[in-house]
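For reference, the structure discussed in these notes is given below.
None of the figures in this text is laboratory data; all of them are computed from the coordinates on show. Remember, it's a predicted structure, so these values are computed and weren't measured experimentally. Cβ placement follows ideal geometry from the backbone for every residue including glycine, while neighbour counts extend to all protein chains displayed.
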Amino acid sequence: MSGGSWEYLYSKIDDAADSLIQDKDPLRRALGKKMKLYAAAMHDIEWVDSGDYGKGKEVETIEKALGEDTDSLIASELIAEATALKDKLEQSIEKLGRHNNGMNRSEKGRAK
């Protein structure tokens, strides 16, 4: 299999980047150049996900696309994930506490 797991999205991004790079507007040209990096990252992601590249082959192009902000972007994602897990854990502990309190009352009622 060659690519396809993302329906060749990288080629659409690459085509759009090429068009922007040819634009008269320097802001659009700059965006087109940045999009080239995203297209390369998506290419490698697609090929890894399709089994054409080994796992991890996409890391270098993703890091290149993210640029100097890579570490802070990863940290932000991990913090958001940890916060969501903490919230779920607190909810589970709260439910468990309510459940145990209900059981304790039931057990006390039987002991009388």
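Scan the stretch 1-34 for residues that are within 17 Å of LYS64 (Cβ to Cβ) and exposed (fewer than 15 other Cβ atoms within 10 Å of the Cβ) and the total you get is 3. Close Cβ contacts (under 6 Å, 6 or more residues apart or on different chains) running from residues in the stretch 19-38 that are more than 19 Å from GLU63 (Cα to Cα) and in contact (Cβ under 8 Å) with a residue 12 or more places away in the chain to residues that are among the small types (Gly, Ala, Ser) and assigned to a helix (DSSP H, G or I) comprise LEU20/GLY32; ILE21/GLY32. In the stretch 61-81, the residues that are at positive phi form Cβ pairs under 9 Å with partners that are aliphatic (A, V, I, L, M) and assigned to a helix (DSSP H, G or I), at six or more places apart or across chains, as follows: GLY67/LEU37.
Residues being under 23 Å from TYR8 (Cβ atoms) and not aromatic (Phe, Trp, Tyr) are represented in the stretch 65-81 by at least one member.
Could you check, for the stretch 35-50, whether at least one of its residues is exposed (fewer than 14 other Cβ atoms within 10 Å of the Cβ) and out of contact with any Asp or Glu (no Cβ under 7 Å at 6 or more places or on another chain)? Please lay out each step first, then the result.
Taking the stretch 35-50 and keeping what is exposed (fewer than 14 other Cβ atoms within 10 Å of the Cβ), we get none.
There is no residue in the stretch 35-50 that is exposed (fewer than 14 other Cβ atoms within 10 Å of the Cβ) and out of contact with any Asp or Glu (no Cβ under 7 Å at 6 or more places or on another chain).
Test GLY54 against the criterion of being small (Gly, Ala, Ser), surrounded by 10 or more Cβ atoms within 10 Å (Cβ to Cβ) and out of contact with any His (no Cβ under 6 Å at 6 or more places or on another chain), and give yes or no. No; evaluated as a whole, the condition is false for this residue. Residue check: GLN91 meets all listed conditions (1) in a helix (DSSP H, G or I); (2) within 26 Å of GLU7 (Cα to Cα) but one, namely (2). Here LEU85 does not fit the description of being in a helix (DSSP H, G or I), on the phi < 0 side of the Ramachandran plot and under 13 Å from the mean Cα position of the chain (by Cα). Just one of the listed residues (ALA30, ALA41, ALA65) is assigned to a helix (DSSP H, G or I) and more than 18 Å from the chain's Cα centre (by Cα), and it is ALA30.
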